[in-house]
Structures are given as structure tokens and as C-alpha cells.
1. For the stretch A:227-237, give me each residue that is touching a strand residue (DSSP E or B) at 6+ places or on another chain (Cβ under 6 Å) and either among the basic types (Lys, Arg) or within 9 Å of another protein chain (Cβ to nearest Cβ) (or both).
2. For the stretch A:151-166, which residues satisfy the criterion of being in a strand (DSSP E or B) and surrounded by 20 or more Cβ atoms within 10 Å (Cβ to Cβ)?
3. Can you tell me which residue among B:Thr58, B:Thr106 is surrounded by fewer than 22 Cβ atoms within 10 Å (Cβ to Cβ) and polar (S, T, N, Q)?
4. Among the residues of the stretch A:104-137, write down those that are in contact with a Cys (Cβ under 9 Å, 6 or more places away or on another chain) and at negative phi.
5. Give the residues of the stretch B:218-265 that are part of a helix (DSSP H, G or I), under 19 Å from B:Ile55 (Cβ atoms) and not basic (Lys, Arg), sorted by residue number.
6. Name the single residue, out of those in the stretch B:220-261 being of a type in the set (Val, Ile, Thr) and more than 7 Å from every other protein chain (Cβ to nearest Cβ), that is farthest from A:Ala107 (Cα to Cα).
7. Please work out which one of (1) touching a helix residue (DSSP H, G or I) at 6+ places or on another chain (Cβ under 7 Å); (2) more than 14 Å from chain B (Cβ to nearest Cβ); (3) under 30 Å from A:Leu23 (Cα atoms) is the condition A:Gly78 fails and give its number.
Amino acid sequence: MPLDTSSYALAHLRLDGRRWNELRRLHAQTSTQAAADGSSYLEMGNTKVICTVAGPAESRKGGGGGGNAEAKIEVEIGIAGFSGVERKRRGKGDKRTSEMRHTIASAFSANLFAHLYPHSTITVNLHVLSQDGSLLAACLNATTLALIDAGIPMSDYIVACTAGSTASYASNDEDADPLLDLNGLEEQELPFLTVGTLGAGEKVSVLIMETRMQMTRLEAMLAAGVDGCRQIRSILDGVVRAHGKAVLDSAIS
Amino acid sequence: MPHATAPSTNESTFLLAALRENVRLDSRPLDAYRPISLTFPSSSPDTYGQSEVRIGKTRVLCVISSEVIAPYPDRKFDGVFTISCEMSPLMGAGVDTGGRPDPSETILTTLLDKSIRRSRSLDTESLCIVAGQKCFSIRADLHILDHDGNLLDACCLALVAALAHYRRPDYEVHGEDVKIFTAQERDGVKLTLRDWPFCVSSSYFEAGTITITDANLLEEQCREGELVVAMTKHGEVVQVAKYGGVAVDALGMLQVVEQNLAKVKMMDGAVKEALARDERERDKGGVMKAELSAENERVMERPVG
């Protein structure tokens, strides 16, 4: 059981020793690949994602597909066969994958200053090396970093994380804690949602929940998720600034 | 959704200007649905499981069919339930889907899948006949006949109504032999539906400050973001999906979810009423009413005092 209810009630610790509002270790690097316009590597606990961005570049379809006043964002996701617990080759046409691609493309289309690059395409390539929960959130965060590294202007970071609930939907426990940043085991057993916010405010850009939940508990989960996003934003901002400082220092010296 | 004609600048500016004054082009309140009509057209009195839903001018037809197959090896005790929703040029002016499914079609199918199939509203274990050997495969085919916005809500309503209406063939198991009866031999058995989840779609305009429910085609083409909530009438949220689009206030979203409960109850009532009406129509000769009613013929007098 990912959440042994007896021990959780005693010490309020999850299986990996975290409390309800603690994020996993978040490690991020930008400019990991010199060949790409923008790249990043992000780890949320054991979920590891590489992101590369190419663009803005001229649309492949030329004049036929053009006529857009804004840049078009295309997302490709490759989930490695060794990323999960069991080895499983996933084709590109997988339903879940295409849903994630649509979400990421749609979230950034509304956020990037795409009107600055008409008739072009920005291609985002995500590679998932290891999955342990919060996959969509990790992909969104990695894409934000890579787009910043590519120098594409945006209004604010899009940061995402997952939030879940301890009580199953059947028991109407009003004291059920919301959980922040679920790992793989917790995601399989508990109801959870993925929330992506625009910056540190309360504006929600992405919200996906696929499990059943009582309407009343939605508020607590959403609040925990939004707060987690705030924490993640400050971590990612620190990473970007540190990288910028390193670049400046090496340029000066 | 694929559509040949994108709205002209005049149309979209007029729509947005009207919305800023809290006015929709068809004079509806911002959170009102268009008139919903739900019927069960069927070719013969033995055919169940076909529903047609109209929300305004949007028209969707859902047909449920079943066959007996061998279950998946990793799910021996479950039946199979598939939803298929294909877009065709029938639904809009000059829609050309070609060979590849349009991304919006994938999203529509995914949302329907999540709301009804993955949420286990239809109990697939009840479709099992002989574990590991035979099970029912229920197939829902959605045909979009006319597209005037809000396909998802219409498809979900049609699907739930058709599933609640459908009767699968009855069967008997004698050891290893399974006898499946036709509709003439024995009446069909209704499917086991845990609950009826309905989708309510809301659209955002003006950087997320204006929210409307049940967008028609023009409003859909001009909107900046969309929120889909699938709920049952008991207030259980089955799925929430906001795939990007403009960023909206979190509290506002929660309020929208709460308001959607009333819409879901309305749709639930519509399905119940349509089912009851259909039963009365099929019950020619009044057999059901006479045999199954618990009423006596004597006149009940009100007790005095």
C-alpha cells in the first residue's frame, strides 16, 4: 500500500518519508545540449525528463501551411521503453502520449509571445528516461526551462506539479490531507490531479484530473497544487539565474 | 474542431464586444444551455441502445451494439467496452478529415473515454460470461450529424442515454456451453451502470475573465480556453480537463465546477424523463402498466383529520 493508513495516521509520513506538503528533490539543468537551440534536463524525484527545443524555424510546409500570424508549437514525446517498472515500447500514436502533447502545445501557445515569430514553428522534443509519477508536470517544467534557454520570450514560467488526496473517495473523511507531488505508487492508488500555473500567482493554465473525486475535496487539492507550483517556480527561477550568472562570469573572465 | 470557415474578423469582434457587455449573440444567459432534446429513435421495437441528442443545432447519434468475444488475456474477468467517435464531412461545411484523425477528434474521443470508460461507470465485470473464454464486447459508435459547438457535452449525453437504454442479449451457461438468446427468445438485460457522468464544457474569453457554458460554433472558434468537467449528479467529479489555453483564476474554476452541478442534474433529469417516455411508448397494449403496477383499483379516500 503506498499509503499505509495506520502508520500515516500515527506519524503523518508518507512511504518515502515526506510530509503531506513536501516536494520531492527537484534537480534541473539548462543548456545540457549544445547542438539544440534550447535544452534542459529535469528530475522530479525519480521522474527524469530531457527536453530540447528547436526554433523558431521556418515551417516545413512552406507557403501552404503558413499564413499563420503566430508561431506554431509542435511537441514530440518519446517515452523510453526502460522508463517504467516493466519494459514497454510505446508508439508515438499512443492516446496518452498524444493527449500530453496536445496539453503541452496548448499551454505554451497561450503563454509564449508567439506573435513575434509569424510563419514559423517551434519544435519541442521531450524524452522521458524514467517515470515515477508526475510525468506531465515534469514535462511541462522541463519545456519551460528549455524554452527559456532557447531565448523564446514568454510572459512567465509555466510550472506544474501533482496533488492528491489521502482519503479514498468512498470515505467522507473531512480531515483527509491533500498530498503534494505524488510518486508513481501513490499515483496508481490515490486520486490525484496535475495542475500547471502561470508563474507564482493563482492563475491555472493546465488542470487535468482523471480519477474520481468528491467535489468538496477538489479545493484543498487545488490549493496544495498551486502552492507547490509556487515553490517549484522559485526553484526553477534559481536554476535559470544561476546559469545566466555562470555564462556572464565566463564571458567576462 | 475542423471547420472549413474560420470566423471573419467582424464576427469575432462583434462576439467579443457583446460578451464584454454580458450578452450572448442568441440572448442566452452566460451559463445557460441551448434547448436539449433527447430521443431514442429505433428501427424496430426489439432494438435498444440508439439515442439522438440535439443541443441547439448540434446533433449527435449514438448506437450501441454488442458481440461475444474472448476477453483480453490480462483481463480475464472483464468484458470489453470501446467508444468510437468519428468526424466526417457530414458534420460541417467542407470538413475534410482525409485519412488521419484530426487532433480535435482525438481529444474528443479521449475525453469521452476518460469520462465513461476509464472512470468505470460501465461495470465491465458484469459483461463477463465465462471467465477467460467469453465475454461481451460493447461497442458505442457516435455519429456527429451536425456541428454547432459543444460536441463533447452532446456526445456524452447521447452515450450515457444510449447505455442506459441498451439491453444486451440474455444468456445461460451450462457447464462449458453458453447459449445466447436472441431478442425474440428472451428480453434483453440492461447494462450495469454505476452512475451517469455528464460533461459540462465552459469556455473562457477576455484573458479568462468571462466564462460561458455551452458554446455554439462561433463562440468555440473565438474562445481562448476551455474547461471540461465530468460529474455525476451526486457531486462526484469524474474528470476535469483544462488542456492549456489562457490561464484562469483557480477560485473561479472551483466556482464553475460547483455551478456545473446544477447543469448535470438537469441532464440527469432529461435522461430519466426520456427513458420513462420511451418505456411508455414501447409498452403497447398496457401490459407493463397492468402487471407491474402495485396500485389497486379501489379509490383511496383521504383519512379525515
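The values are calculated or read from the model by the stated rules, or taken from the named source; none is laboratory data. The structure displayed is predicted, hence computed values, not measured ones. Note that each Cβ is placed from the backbone with ideal geometry, even for glycine, and that neighbours are counted across all protein chains shown.
1. A:Arg233
2. Once the filter is applied, which keeps residues that are in a strand (DSSP E or B) and surrounded by 20 or more Cβ atoms within 10 Å (Cβ to Cβ), the stretch A:151-166 yields A:Ile158, A:Val159, A:Ala160, A:Cys161, A:Thr162, A:Ala163, A:Gly164, A:Ser165.
3. When all the criteria are applied, what remains is B:Thr106.
4. Matches in the stretch A:104-137: A:Ile104, A:Val124, A:Asn125, A:Leu126, A:His127, A:Val128, A:Ala137.
5. B:Leu218, B:Glu219, B:Glu220, B:Gln221, B:Cys222, B:Val256, B:Gln259, B:Asn260, B:Leu261, B:Ala262, B:Val264, listed by residue number.
6. B:Thr232
7. (1)
Conditions (1) among the charged types (D, E, K, R); (2) at pLDDT below 90; (3) touching a Ser or Thr at 6+ places or on another chain (Cβ under 7 Å), marked per residue:
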{"residue": "B:Ile210", "(1), (2), (3)": "no, no, no"}
{"residue": "B:Thr213", "(1), (2), (3)": "no, no, yes"}
{"residue": "B:Met231", "(1), (2), (3)": "no, no, no"}
{"residue": "B:Val238", "(1), (2), (3)": "no, no, yes"}
{"residue": "B:Asp268", "(1), (2), (3)": "yes, no, no"}
{"residue": "B:Lys272", "(1), (2), (3)": "yes, no, no"}
{"residue": "B:Glu281", "(1), (2), (3)": "yes, yes, no"}
{"residue": "B:Ala290", "(1), (2), (3)": "no, yes, no"}
